[in-house]
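Structure first, commentary second.
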Amino acid sequence: MGGAATILALICSFVWYIWVGAFAFKALAPNHIVGRRPPRSRIVYGILALLPVVWYASDYLKRWNGYQRQRTHIADLSRSPRPTNPGKTLVIFGAREPWQDELIEAGALDTIYVSDWKTRVAGEGPWIRIGYARSPKCLDTSGLTESTITPRARSGFLACASIDAAAAAPADGLHLRISNEATATLRRTLLEGTGPYELHSIQNGSDTIVGYWERAYATIPKLPPVFIGIGYWQRDMLDTENPRPELRDFVIERLSLDVKSSRPSGQPSAEDIRTRFRELATSGDAREREAAAVVAKATGKDTLLPSDLDLLRAAR
C-alpha cells in the first residue's frame, strides 16, 4: 500500500472497530452504567455490532472454502493415471524452451509442436515444429550444458533438434497446456510459478487429462480485520506444500520417458559417426578436435575402434 492508502485504511479500520465496540457496549453493558433499556434495544444494538463482523466472516469463509476447493480439485486431477502407449509426438500450448530440444535429441520424443507466441495470439500459432534431422549447425554447442551436449555427441554432432514452421498442430495426441492456456483450473488469477501444467490425451475428440500440477492460490482477509472502505485488506494464501516441478521433469514423469537409454530413430549409423569422428579428430581447428573428444566420451568403444581413438591421441 502507498502512504495515502495506508492512512485511509487506518482511518476506516478505526471507524470499523469503534462501530463494533460502541454498539457491542450498548448491547451488553449493565443497566446501572448506561441506563435501563428494553430488551428490544439491546437486540438492535447487538445486530448493529455484528453486521461488520458477519460481513468479514462471510468474506473470509467464502474465500477459504474456495481455496480448499482448489486444493481438493488439484489433488484429484494430479492422481490422473498416466497414459498407456502415449506416442512420441507432443503439442505444447506454451513457450519455446531448451528442454524441448533435449527430449528430441535424447530420442524420448520424435516431434514437438510449440505455439509461437511471438507472432500471434498465445496458443493459436503459427506453430514451430521440432524434429530430429542432420544439419551443419549441430556442431554449434554454444550455450549448451554438458548434459545436453552428450545426446548430440552420440550422433557425432551430425544430427540434432531441427526447427521449422508448421501450418497447424495435430488435433489428436498429447497436448500440454501451460498457465493461461489451462482449461481445468478453478482459478481466475494465474500467478507466475503456480502453474497449471495440464497434460491431455486426445483421441477422436475424447479429451482425457493424464497429468496435472497446480498450486492452489487465493486471497484471504487479514486477521485481525483491516477495513479499507470497500472491503478488507487481503493476504495471499499459497499452497507451498505442493512443490513446483520443472516442466521438463513433469513431462518425463507423466509420460514415463526414458531419457538416458533411448535413442532417436533417425540417429546416424555407427559408420557415419566414425567417419565424422575421424574428420573432427584430424581437423586443424582445436575446437573440432575438442568436439571429437566429446564424441569419444559419449559413444565409447561401442561405436569407435581403437584406431579411431589413436587418431585423436596423435592429433593432441
(message) Let's see if you can work this out: charge +1 on each Lys and Arg Cβ, -1 on each Asp and Glu Cβ, no other charges. What is the dipole magnitude of segment 270-315 about its Cα centre, in debye to the nearest 20?
(response) 140 debye
(message) Net charge within 10 Å of residue 27 by Cβ-Cβ distance, Lys/Arg positive one each and Asp/Glu negative one each, not counting residue 27 itself?
(response) +3
(message) List residues of segment 141-155, by number, whose backbone nitrogen lies under 19 Å from a label position 7 Å along Cα→C-beta of residue 286.
(response) 141-143
(request) Estimate the FRET efficiency between residue 57 and residue 209 by the formula 1/(1 + (r/R0)^6), using the beta-carbon distance for r and 41 Å for R0, to the nearest 0.05. (result) 0.70
(request) Report the FRET efficiency, 1/(1 + (r/R0)^6), for residue 19 and residue 236, where r is their Cβ-Cβ distance and R0 is 25 Å, rounded to 0.05. (result) 0.35
(request) Could you work out the local net charge near residue 202, counting Lys and Arg as +1, Asp and Glu as -1, over the other residues with Cβ closer than 13 Å to its Cβ? (result) -2
(message) Once you place label points 7 Å from the Cα toward the Cβ at residue 305 and residue 144, how far apart are they in nm?
(response) 2.7 nm
(request) Check the chain and count each lysine pair with an alpha-carbon distance under 29 angstrom, considering only pairs eight or more places apart or from different chains. (result) 12
(request) Enumerate the calculated ³J(HN,Hα) couplings along segment 126-131 in order (Karplus 6.51 cos²θ - 1.76 cosθ + 1.60, θ = phi - 60°), each rounded to whole Hz, writing x wherever the residue is Gly or Pro. (result) x, 9, 9, 10, 10, x
(message) Helix-only mean residue ellipticity at 222 nm, the chain, DSSP H runs n ≥ 4 weighted -39,500 (n - 2.57), per residue, nearest 500. What is it?
(response) -13500 deg cm²/dmol
(request) Calculate one ³J(HN,Hα) per residue across segment 105-110 by plugging θ = phi - 60° into the Karplus curve 6.51 cos²θ - 1.76 cosθ + 1.60, and present them in order as whole Hz with x for glycine and proline. (result) 6, 7, x, 5, 10, 8
(message) What distance in nm lies between label points placed 7 Å from Cα along the C-beta direction at residue 84 and residue 164?
(response) 3.6 nm
(request) List the cysteines in the chain whose Cβ has no other cysteine Cβ under 4.7 Å from it. (result) 12
(message) Tell me which of 25, 72, 11 sits at the most positive position along the dipole axis of segment 3-78, charges placed on C-beta atoms (Lys, Arg +1; Asp, Glu -1).
(response) 25
(request) Apply the Karplus parameterisation 6.51 cos²θ - 1.76 cosθ + 1.60, with θ equal to phi minus 60°, to every residue of segment 47-64 and state each ³J(HN,Hα) to the nearest whole Hz, in sequence, with x for glycine and proline. (result) 4, 4, 5, 7, 3, x, 5, 5, 4, 4, 5, 5, 5, 4, 5, 4, 6, 5
(request) Above 32 angstrom, tally the Cα pairs of the chain and express them as a % of all pairs, no decimals. (result) 53 percent
(request) Please list, in chain and number order, the residues 5+ apart from residue 210 or on another chain whose amide H is under 5 Å from its amide H, with Hs placed from the backbone. (result) 199, 200, 201
(request) Count charges around residue 258 for me, please; just the other residues with Cβ under 15 Å from its Cβ, Lys/Arg as +1, Asp/Glu as -1. (result) +2
(message) Need the C-alpha centroid separation for segment 204-222 versus segment 66-96, integer Å.
(response) 8 Å
(request) Using the Cα centre as the reference, give the magnitude of the dipole from point charges on the C-beta atoms of segment 3-78 (Lys, Arg: +1; Asp, Glu: -1; all else neutral), rounded to the nearest 20 debye. (result) 360 debye
(message) Ranking request for peptides 208-216, 230-238, 135-143: highest mean number of other beta-carbon atoms within 10 Å first, then the rest in descending order.
(response) 208-216, 230-238, 135-143
(message) Over the chain, with a Gaussian network built from C-alpha contacts below 10 Å, which listed residue (173, 131, 193) shows the highest mean-square fluctuation?
(response) 193
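All of the numbers you see were taken from the coordinates with simple rules; none came from a lab. Since the model is a prediction, treat every value here as computed from it, not as a measurement. Counting neighbours? That spans all protein chains shown, and the Cβs are built from the backbone with ideal geometry, glycine included.
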